[in-house]
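Where a number appears in this text, it was derived from the coordinates with a stated rule and is not lab data. On a predicted model such as this, the values are computed, not experimentally measured, just so you know. Neighbour counts run over all protein chains shown; Cβ positions are idealised from the backbone, glycine included.
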Amino acid sequence: MLNLLARCAVIFLALISASAAEPVKLKLAFPSSDRSTSYLAAVKPFVDAVNAEARGQIEIETYFSGALGKDPAQQPQLVLDGTADIAYVVTGLTRNRFADNAIIEMPGLFASMRESVAVFTQLMAANALQGYEDYTVIGAYVTEPETIHSNIPIRSLNDLKDKRIRVNNPGEAAALEKLGAQPVFLPVTKISEAIGNGSIDGALVPPSPLVDYGIKRVATYHYLLGISGAPLMVLMNRKTFDRLPKSAQAIILKYSGAWSAGRFMDTYEAVENSIMGELKSDPKRQVIIPSPSDLDAANAVFAAIADDWASKSERNAELLKTVRAELTKMRSTR
């Protein structure tokens, strides 16, 4: 009888101990503020959903404004060295690490953010892109195609001649150079100051950075020639993910991939549409839609850049073929 009571006591204490166990804390590194569009669209929906369902198992805590590492280009490394378990990553800042993402940045290839996010998500689900062996991919996102915002009149391709325009990636640089402009690589955080002091004439960005980084204050001309979006990701250390209980892994995966992409697209699109509405209704601004002839000329340049990129390697050619085929299929079902 005493032995039975002792065994019951041990089991009871074990149950009490298990119920009192703290959840596994996961650190998520985010380089900007909790008011940025990127956080609201790419990070917050995932964190909120996982924390709500995984209560008692895991808890994700977001560290804002570079608290775990100030350099946005080092976000992927923070995940690998264990400083963070998860990080929001602008892959264009570490281009060599994620070289295949050049297909997502290809000028003129995607007509909208929804097209590029859908294809990017599919490519990641199929493990079609290299560079992610050490990561579990939470989400793969892309901004709206970046357009030209300046403090001087740019109303046509002819107005681009010799203008110094900030670009985000080599594809954009090649496109603007062929269109007569002088591309300037510059972090998005430096654009407002550079336009203000005259070191550049304008910048390629999607609508949300106009507000998030104060660019709207210094740029009043908006030439809506969409060139390419910027790939964005939320990445988790694969080893950390693999050490989690299977139930916790399942919750993270439930709110990754297509689920996360869907929340990103809905949130991001609503913000972008609101900003564009404000620009168009402001009498002090000029919002210019490219003419059909400008679009034809730009699209010819974009196609030549894509074909040149594909000619560099069999892998590039296969990726471009795959994406073009997927876009053809997507567009035919609309």
So who's got an amide H within less than 5 Å of the one on Lys163, skipping anything under 5 residues away but keeping other chains? H placed 1.01 Å off N, in plane.
Gln182
So, in Å, what gap is there between the alpha-carbon centers of region 155-176 and region 306-334?
24
Mean Cβ-within-10 Å packing, highest first, puts peptides 101-108, 130-137 in the order 101-108, 130-137
Over all viewing directions the Cα convex hull of region 176-294 casts an average projected area in nm² of 10.4
With θ taken as phi - 60° and the coefficients 6.51, -1.76 and 1.60, list the Karplus ³J(HN,Hα) couplings across region 113-125 in order, rounded to whole Hz; mark glycine and proline as x.
4, 5, 4, 5, 5, 4, 5, 4, 5, 5, 4, 5, 5
Counting helices only, and only those DSSP H runs with n ≥ 4, report the 222 nm mean residue ellipticity of the chain as the sum of -39,500 (n - 2.57) divided by its residues, in deg cm²/dmol to the nearest 500.
-13500 deg cm²/dmol
Cβ-Cβ FRET estimate between Asp100 and Ser281, R0 fixed at 25 Å, reported to 0.05
0.05
Of all DSSP beta bridges in the chain, antiparallel share, percent nearest 5
55
Two-site label geometry, Gln182 and Ser311: point separation in nm, points 7 Å out along Cα→Cβ:
2.8
How much length is gained if the chain between Glu133 and Lys329 is pulled fully straight, taking 0.36 nm per residue apart and subtracting their Cα-Cα distance, in nm to one decimal?
67.7 nm
May I ask which of Lys178/Lys284; Lys44/Lys321; Lys178/Lys216; Lys254/Lys321; Lys25/Lys254; Lys27/Lys216 have a Cα-Cα span longer than 24 Å here?
Lys178/Lys284; Lys44/Lys321; Lys178/Lys216; Lys254/Lys321; Lys27/Lys216
Cut-off 13 Å between beta-carbons: net charge of the residues surrounding Ser112, Lys and Arg +1, Asp and Glu -1:
-2
